[in-house]
Amino acid sequence: MKIQTTTLPTKPCYSQFDGNDWEILAQHWYPIARIQDVSTQPQQVMLLDIKMALYQLENGNIQLVRDICPHRGVPLSKGWVEGNEIVCPYHGLSFGEDGKCTKIPAQPDLTRIPERFTLTEFPVVLKYGLVWTSLLSQDATSANFPELDTWEQNGHQAILPPFVDIGGSSGRQLEGFIDVAHFAWVHHNAFADRKNPVVPKYNTEKTEYGLKAEYISDVSNYPHGMQHLAPEGFLWKRTFEVYPPFSAVLTVDFPNQGVLKILNACCPVSHNKTRLFVPLTRNFDTTGDLQAVYDFNAQIFAEDQDMIESQKPEELPLDLTAEVHFEADRSSTMYRRILADWGLSKRYVI
Ligand code: FES
Ligand SMILES: [Fe+2]
């Protein structure tokens, strides 16, 4: 009998994702952590209900493995790094950079450690200050990574606020990010105004990577206290580029050729849990107070969070007849259609 050394993960039995949905989503790449938060102290992260241990070896390389010791199932995230190996805390087995077991302390005379003692490793790509991975794809070259071209561009400041944990699905969160009709209602304390709720007609088009929408309105992107900085009658252009399944880049054109870009990148932790990463860049105020950026960002996402965590059904209903839509929802409905065309299920549970 051939023994498989590393097994690709399958949907865990406790996962509430639809099985086919899980298979489709697991082919894609997602951010799971900020690079700056990775250290030689292993930590547990989760993607599509699969638990993984994330740590840095002493040679600086970042490792991501299934968080389960092949011996007796203890999470390796409870262990520690020694040199370029991780040690399991239960019986002290060590595993090298290639995932192979290098030491069984209870059996020092064992000449050949069987292949079955090997860890399942996941690929790692470092991009926009984040660690990205995929459960089933090994090929990052064909991945639909979002394009944040200003991240390492001269004149643009790259900012990476803390991540946000949301008790809602990534589909609902992403759709909320591209929803322009909620500004006046949800963000009236931050930048919008309940007296200005009208959404002017805008265009949405399908692209190779997903969809693009251009929205021009007089809704300022400055916080309320700074709105006098825009010239009278200034029109704000917001360009949304959606990279399904769960990333989108928003470009906001500010006065005086100012450009703000916000990448909304979801890690679908579970069917109703999302870890949201928001790398952003700007070419103005580049020496300004970062804490003010973090705070403004946190305020806006907290306002959204209250909506997303209370929506029912939790998962985005891809059957367009399940909810009602109006003209200003054109980006949302196109987004749902794209996901449905991928073969994601139209099932929804209230
Ligand atoms: S459970 Fe990991 S060494 Fe035994
Ligand atoms: Fe919002």
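The values are calculated or read from the model by the stated rules, or taken from the named source; none is laboratory data. What you are looking at is a predicted structure, and each value in this text was computed from that prediction instead of being measured. Reconstructed Cβ throughout: ideal geometry from the backbone, glycine too, with neighbour counts over all protein chains shown.
Every residue, every condition in (1) of a type outside the set (A, V, I, L, M, F, W, C); (2) within 16 Å of ligand 1 (Cβ to nearest atom); (3) surrounded by fewer than 17 Cβ atoms within 10 Å (Cβ to Cβ); (4) closer than 22 Å to I24 by Cα, yes or no:
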site: E241; (1), (2), (3), (4): yes, no, no, yes
site: F246; (1), (2), (3), (4): no, no, no, yes
site: L290; (1), (2), (3), (4): no, no, yes, no
site: Q299; (1), (2), (3), (4): yes, no, yes, no
site: A302; (1), (2), (3), (4): no, no, yes, no
Item to check | Leading residue by the ranking (nearest to ligand 1 (Cβ to nearest atom)) among those in segment 157-188 that are farther than 25 Å from R275 by Cβ and out of contact with any helix residue (DSSP H, G or I) (no Cβ under 6 Å at 6 or more places or on another chain) | outcome: W185
Checklist entry - Counting residues that are within 28 Å of K201 (Cβ to Cβ), away from ligand 2 (no atom under 16 Å from the Cβ) and not hydrophobic (A, V, I, L, M, F, W, C), which strands (runs of 3 or more DSSP E) fully inside segment 258-350 reach at least 2? => result 258-270
Checklist outcome for this item: Scanning segment 304-316 residue by residue, those surrounded by 18 or more Cβ atoms within 10 Å (Cβ to Cβ), charged (D, E, K, R) and either closer than 13 Å to V164 by Cα or within 16 Å of ligand 1 (Cβ to nearest atom) (or both) turn out to be D304
Next on the checklist: Please pick out the residue among G129, G92 that is without any contact (Cβ under 8 Å) to a residue 24 or more places away in the chain, at positive phi and away from ligand 2 (no atom under 16 Å from the Cβ).
Outcome noted: G92
Item to check | Output for segment 223-255, where each listed residue is in a loop (DSSP other than H, G, I, E, B) and at pLDDT 95 or above | outcome: F234, L235, P244, P245, F246, P255
Next on the checklist: Suppose the filter is among the basic types (K, R) and either away from ligand 2 (no atom under 16 Å from the Cβ) or assigned to a strand (DSSP E or B) (or both); does R172 pass it?
Outcome noted: no
Checklist outcome for this item: Going through (1) surrounded by 17 or more Cβ atoms within 10 Å (Cβ to Cβ); (2) under 19 Å from P31 (Cβ atoms); (3) of a type in the set (D, E, K, R) one by one, D139 fails only at (1)
Item to check | Unique match (being under 21 Å from A33 (Cα atoms), more than 16 Å from ligand 2 (Cβ to nearest atom), touching a residue at least 12 places away in the same chain (Cβ under 8 Å) and touching a Cys at 6+ places or on another chain (Cβ under 7 Å)) among G79, G99 | outcome: G79
Next on the checklist: Quick check on my filter: what residues within segment 40-59 are surrounded by fewer than 14 Cβ atoms within 10 Å (Cβ to Cβ), within 20 Å of the chain's Cα centre (by Cα) and more than 16 Å from ligand 1 (Cβ to nearest atom)?
Outcome noted: none
Item to check | When residues of segment 60-76 are limited to those that are over 20 Å from A106 (Cβ atoms) and buried (at least 21 other Cβ atoms within 10 Å of the Cβ), the one nearest to the chain's Cα centre (by Cα) | outcome: L64
Item to check | Failed item, numbered, when P223 is tested on (1) touching a residue at least 60 places away in the same chain (Cβ under 8 Å); (2) crowded, with 20+ Cβ neighbours inside 10 Å | outcome: (2)
